[in-house]
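The values are calculated or read from the model by the stated rules, or taken from the named source; none is laboratory data. Computed from a predicted model, the values in this text were never measured in an experiment. Here the Cβ positions follow ideal geometry from the backbone for every residue, glycine too, while neighbour counts run over all protein chains shown.
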Amino acid sequence: MALKVKSNLMDEQMIRRTLMRISHEILERNKGTQNMGIVGIRCRGAYLAKRVAQMIKEIDGGKKVPVGVLDITLYRDDLTMIAACPVVHSTKIDFDVNDKKLVLVDDVLFTGRTIRCALDELIDMGRPECIQLAVLVDRGHRELPIRADYVGKNVPTTRDESVEVRLTEVDGKDEVILLTQEDA
Amino acid sequence: MSEWTRKDLLGLEELSTEEIELILSTAASFKEISTRAVKKVPTLRGKTIVLFFFEPSTRTRSSFEIAAKRLSADTLNITTSSSAIQKGETLKDTFKNIEAMQVDCIILRHSSSGIGHTLSKCVTPSIINAGDGCHEHPTQGLLDMFTIKEKKGSLNNVKVSIIGDITHSRVARSNIWGLKKLGAQVTVCGPRTLLPRDIDKLGVKVTTSLPEALKSADVINVLRIQRERQEAGLFPSLREYAIRFGVTREKLERFARKDVLVMHPGPLNRGIEITPDVADGSYSLILDQVTNGIAVRMAVLYLTLQANADGEEE
C-alpha cells in the first residue's frame, strides 16, 4: 500500500536544536563525559550519534567522546520472517565497553525490538556500567518494557502510520515526516 | 544490491558476479565478530548443521564448524569410518535419514564430482559443497578472492597465477570461475600432464614455464601436489617437480614482482611445491586465508540458511 505525507514533524533547524538539547541533557545527567561512549544504531542512528558526540565536544570544552556503530541485523528476532535476506553491515566499536557509561542513539523508538537487539549485542561485548537511550522521535506502541532516557520529540501515531527521519548524510536533507496510508 | 535466493552453495560456476560480490561484502561484515571478546552472535540459533566429511580435512572442517558455532548453530560431525555407509547404505538414503531429523544444512565433502548437485535435488536442507572430487571447492575459491580483495582493494585486472596440479584441483576450478567473474586475469601453470586439455576455454592463459607465470603476477596461488591422487605417474618424481615447479625465495626474487603475494590452500608439502622461507615469509598470505575462511563461511551459512527459511514460509 502506498504512503503519503501527513505532516512534517521537524525541519533542519529543529533537529539541530533538539540534538543540542539532548547533548546538554546527557552532559547534565552524567556530570560530564568521563567514561562515556556513544553508540549509534545503523544506519541513521549512527549519524545522529556522530552529531551528538560533536555537540558534546563543543559544549564540554573540546573533550572527545568515543563513538561506535552497531549493526543489529544478526540479533533480529524476525530474521526468518522477513522476505529477503537483510544485508549485513559491520559493527564497529573501537573502544572497550567494559565499565563505560554508554549512550545508545537511534532515530525512531517504536516497538522497542531494535533496542532489545542493540542491548543484547552490547552486553555480548562486555559489561558496561550503564546503558542510556537517546532517540530523536518516540512514536509509542511499545511491545517490550523499554523506555528512552532522552527523547527529542514525542509523536502520537497510529500503528499503520510511519515516521521517517531523513538526514543529510544519507537522504540529502534533514527532516522528520509522518506518513500515512493512502486511502484506497 | 542483489538478493540471495539460493538454498545451496554447490559451486562458483553457476553464481553471478553480483552474488559473489554479495558473499564477499557479507563476509567483510562478519569478520569483526571473530575479533570480539564474546565471539558469537545469535543469528542461527536453533539451526542444526551436519558436517559430512568423506575425505580427510582439518582446515575446512574446523573452519566450517567454527563459523557455524559463532553464528550459534548446533553442529554434528559424521565421517565415513563412523557412518552406516560402511554397512552399505547409499548416500541418498543417508541424506534422507538426516533430513528426517529436521536438519537445516548439510556441509558435504566427497570424492565424487557433482555429488552435491545430485543430492540437492533429493533433500530440502541447504547443501554446501566443501569440496567434491576434482570439481569445485567454492568456499576456498571465495576465501582466496576475499583475501586478494582485502590486500588489493579490488579484483578487477589483478593478475593471478595458479601453479601446480590444475587437473586434479577443485581449488583451481573454483578460483578460475570466481576470479574471471570479478574481472581478474588468470594464468595457470604446471607440467603439461597436469594441465587439463581445453583449460584455455575457461578464459585463462596457459603456460608450462614457472618463470613466465611468476613474471607478471600480482598474486600467485600455489596448489598442493595431491600425493593421494598421483598414482598414475604424471610426473617423474617429487624431486623433479620441486626443481621445476617448486616456488622458492630465489625464484621469486629473480622472476616475480617485489610486492607479489603468495597464497596456498593448505595443507603444505614443505619443500615440494613451496619452500618454508616462502610459506613463512613476508610474501605469504597463507594464514590470512585461514582467518578469512571463517568470515566467508559464516557469510555462506547465513545467506543459504536464510534463503532456505524464506522458501519454507512461502
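Quick notes
- Hey, B:Leu210 surrounded by 16 or more Cβ atoms within 10 Å (Cβ to Cβ), within 21 Å of B:Gly266 (Cβ to Cβ) and of a type outside the set (S, T, N, Q) or not: yes
- Residue match in segment B:238-245 (condition: under 29 Å from B:Phe30 (Cβ atoms), buried (at least 19 other Cβ atoms within 10 Å of the Cβ) and not acidic (Asp, Glu)): no
- Wholly enclosed strands (runs of 3 or more DSSP E) of segment A:1-72 bearing at least 1 residues touching a residue at least 60 places away in the same chain (Cβ under 8 Å) and either surrounded by 18 or more Cβ atoms within 10 Å (Cβ to Cβ) or of a type in the set (Phe, Trp, Tyr) (or both): A:3-10, A:36-41
- Test: residue in segment A:64-81 that is more than 27 Å from B:Lys40 (Cβ to Cβ) and in contact with a helix residue (DSSP H, G or I) (Cβ under 9 Å, 6 or more places away or on another chain): yes
- Restricting segment A:161-173 to residues that are part of a strand (DSSP E or B) and not polar (S, T, N, Q), the residue that is nearest to the chain's Cα centre (by Cα) is A:Val165.
- Any chance B:Thr26 is under 25 Å from A:Met125 (Cα atoms), polar (S, T, N, Q) and in contact (Cβ under 8 Å) with a residue 60 or more places away in the chain: yes
- Taken over segment B:264-285, the criterion of being under 14 Å from B:Phe146 (Cβ atoms) and either surrounded by fewer than 24 Cβ atoms within 10 Å (Cβ to Cβ) or within 14 Å of another protein chain (Cβ to nearest Cβ) (or both) is satisfied by B:Leu285 alone.
- Candidate set from segment B:213-237 (those that are at pLDDT below 95 and among the polar types (S, T, N, Q)); member that is surrounded by the fewest Cβ atoms within 10 Å (Cβ to Cβ): B:Ser237
- Selected residue (only one of B:Asn175, B:Asn157 is in a loop (DSSP other than H, G, I, E, B), farther than 16 Å from B:Asn269 by Cβ, touching a Gly at 6+ places or on another chain (Cβ under 8 Å) and of a type in the set (S, T, N, Q)): B:Asn157
- Within segment B:29-50, residues that are more than 25 Å from B:Ile98 (Cβ to Cβ) and in the same structural domain as B:Ala68 (by TED's automatic domain parsing) sit with their Cβ atoms under 7 Å from residues that are of a type in the set (Val, Ile, Thr) and part of a helix (DSSP H, G or I), at 6+ positions apart or across chains, in these pairs: B:Ser34/B:Ile294; B:Lys39/B:Ile33; B:Val41/B:Ile33.
- Looking only at residues of segment B:108-133 that are assigned to a strand (DSSP E or B) and more than 14 Å from the chain's Cα centre (by Cα), we find that the one that is farthest from B:Phe53 (Cα to Cα) is B:Ser126.
- The residue of segment B:258-287 that is nearest to B:Val41 (Cα to Cα), among those that are of a type outside the set (Val, Ile, Thr) and in a helix (DSSP H, G or I), is B:Leu287.
- Residue in segment B:97-117 that is modelled with pLDDT of 95 or more, in contact with a Lys or Arg (Cβ under 6 Å, 6 or more places away or on another chain) and within 25 Å of B:Glu21 (Cα to Cα) present: yes
Yes or no, residue by residue, for (1) surrounded by fewer than 24 Cβ atoms within 10 Å (Cβ to Cβ); (2) assigned by TED's automatic domain parsing to the domain that holds B:Ser25; (3) in contact with a strand residue (DSSP E or B) (Cβ under 6 Å, 6 or more places away or on another chain):
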residue: B:Met145; (1), (2), (3): no, no, no
residue: B:Ile148; (1), (2), (3): no, no, yes
residue: B:Ser154; (1), (2), (3): yes, no, no
residue: B:Val188; (1), (2), (3): no, no, yes
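- Sole residue being touching a Cys at 6+ places or on another chain (Cβ under 6 Å), at pLDDT 95 or above and closer than 30 Å to B:Tyr241 by Cβ, chosen from B:Ile148, B:Ile163: B:Ile163
- Helices (runs of 4 or more DSSP H) lying entirely in segment B:1-101 (those with 2 or more residues that are within 14 Å of another protein chain (Cβ to nearest Cβ)): B:17-31, B:59-70
- Of all the listed residues (B:Val300, B:Val290), the sole one being part of a helix (DSSP H, G or I) and touching a Gly at 6+ places or on another chain (Cβ under 8 Å) is B:Val290.
- Residue in segment B:296-311 that is in contact with a Pro (Cβ under 8 Å, 6 or more places away or on another chain) and of a type in the set (Lys, Arg) present: no
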